[in-house]
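Any read-out appearing in this document is the output of simple, stated calculations on the displayed coordinates, not a laboratory observation. As the structure is a computational prediction, the values presented were derived from the model and not from experiment. When we count neighbours, we look across all protein chains shown, and the Cβ atoms used for this are built from the backbone with ideal geometry, even at glycine.
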Amino acid sequence: MTEVIGAPMRATGPVAWARRHFFATWYDAIFSVILGALIIWSFNALISWAFLDAIWTVENKDQCDHGAGACWAVIQDRGRLILFGLYPYEEQWRSTLACLIVIVTMVLSCLPSFWSIRRIPILWTVGFGLFILLMRGGFAGLPLVRSEQWGGLSLTLFIFCGVFILGMPLAVLLALGRRSSLPVIAKGTGLFIDLFRSLPLLTILFAAAVVVPLLVPEQIQGSKLSRVIIAFAVFFAAYQAEIIRAGMQSTSQGQEEAAVALGMPYWSLVMDILLPQAFRNTLPSTINQAVITFKETSIVTIIGFFEVMASGNAAIGSGEWGNQYVEVYVFLALIYFVFVFGLSRYGSWLETRMRLGHA
């Protein structure tokens with residue numbers, strides 16, 4: 001009997017994988033050992049600084065200037081200022097409840113069972129309406145708290161959600177206007193989009209906060225916060241409109257022609273054929289735009305709003321906690337990371353779901 005000798009079997013398992021990827025040659029082995037030692041040393045130093053040697057309570061704050069670990073006592077002492085800003089201390093439970101409501105609304109709107117042209121508007125009308133009612137008060141015995149006193153994380157969420165609620169429908173209308181067969185509408189919409197895309201966001205927000213009151217009668221000015229959100233929403237819509245328009249252009253022209261041949265109404269064509277495919281095709285860009293918008297809410301600090309970043313700066317503005325800026329910025333980075341990482345993971349899950357044909 002003749003024995004057939006085939007190719008040698010490739011070793012499997014974690015040891016074989018590590019040998020192939022990190023110890024294939026002698027210089028790979030040296031580099032891997034050095035890099036692994038640096039990673040282990042950095043990880044141990046981070047754990048010691050953040051947890052083992054950290055100061056956690058205000059009672060031990062005297063040790064912060066002498067200890068080698070993080071001084072998380074600043075978060076315990078100034079955490080309310082970071083999260084709620086200038087919101088009245090006795091009413092901060094309202095700000096907490098409002099944030100929870102809008103976060104739950106965001107989570108529910110991400111569930112497929114709420115993906116409906118009727119359910120989404122109802123969900124956000126109820127959720128965002130309750131947020132505003134709780135934050136503002138002035139009814140049922142709740143003291144009135146004007147928007148000038150809003151701050152911290154609740155203001156950041158309010159600006160972000162307000163920009164999306166106003167900006168996304170406007171982006172759809174701008175995208176449709178730029179695709180219009182009427183030259184006046186198409187060119188006018190294109191000029192509007194290009195104008196706002198060519199201006200820095202800070203310039204637009206500054207004009208809304210400072211210049212508009214000088215040009216518009218007081219009766220129709222609205223609050224400073226509302227003007228800023230509207231201006232931010234228009235800026236967002238100008239960018240998102242181009243994303244949606246690209247998604248519409250990627251759909252087959254034959255689908256539109258077939259819909260017209262069947263006598264389908266224009267808005268039915270848009271809502272049932274064009275927009276679903278446009279959002280599907282541009283999902284990564286839309287999620288990226290959402291992430292950028294959430295991070296850009298910190299710009300409103302420059303025009304006098306006390307959002308979460310400004311609240312963090314105020315927390316270390318006093319001499320008592322002036323040296324603990326690293327801990328405060330790490331805490332702020334964690335807040336941004338939670339929301340941004342959640343958005344990116346949801347985008348990846350949604351992209352996978354649509355690729356498999358579940359949506």
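Key figures
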| read-out | value |
| --- | --- |
| Listed residues Gly263, Gly127, Gly177, most fluctuating in the chain (Gaussian network, C-alpha, under 10 Å) | Gly263 |
| Lys, Arg +1 and Asp, Glu -1 on Cβ, resulting dipole of the stretch 115-191 about Cα centre, debye, nearest 20 | 300 |
| Ordering of 312-323, 160-171, 33-44 by burial proxy (mean other Cβ atoms within 10 Å per residue, highest first) | 160-171, 312-323, 33-44 |
| Positive dipole terminus of the chain, leading residue within Cys71, Ser113, Tyr89 (C-beta point charges) | Ser113 |
| Selection from Cys99, Met354, Ala233, by position along the positive dipole direction of the chain (Cβ) | Met354 |
| Rounded, prolate or oblate (a/c below 1.5 giving rounded, otherwise prolate when a/b exceeds b/c) for the stretch 227-359 by Cα gyration tensor | prolate |
| Positive-end residue of Leu201, Leu262, Phe158, charge dipole of the chain with Cβ unit charges | Leu262 |
| Cα gyration tensor, the stretch 74-165 - rounded (a/c under 1.5), prolate or oblate | prolate |
| Chain lengthening between Arg179 and Ser268 when straightened (0.36 nm per residue, less Cα-Cα) | 30.4 nm |
| Most mobile of Leu215, Leu81, Leu269 in a GNM of the chain (Cα contacts under 10 Å) | Leu215 |
| Cysteines not pairable in the chain (beta carbon separation under 4.7 Å absent) | Cys99, Cys110, Cys161 |
| Amide H contacts under 5 Å for Gly151, placed H, 5+ residues apart | Leu86, Tyr87 |
| Peptides ranked, highest mean first, by Cβ atoms within 10 Å: ranges 150-159, 45-54, 95-104 | 150-159, 95-104, 45-54 |
| Estimated D of the stretch 78-355 in µm² per second, where Rh is the Kirkwood radius over Cα pairs and Stokes-Einstein applies at 20 °C, 1.002 mPa s | 104 |
| Dipole magnitude of the chain, debye to nearest 20 (Cβ charges: Lys/Arg +1, Asp/Glu -1, about Cα centre) | 1000 |
| GNM top mover of Pro88, Pro121, Pro14 - the chain, alpha-carbon springs below 10 Å | Pro14 |
| Distance between the stretch 296-359 and the stretch 234-284 - C-alpha centres, whole angstrom | 32 |
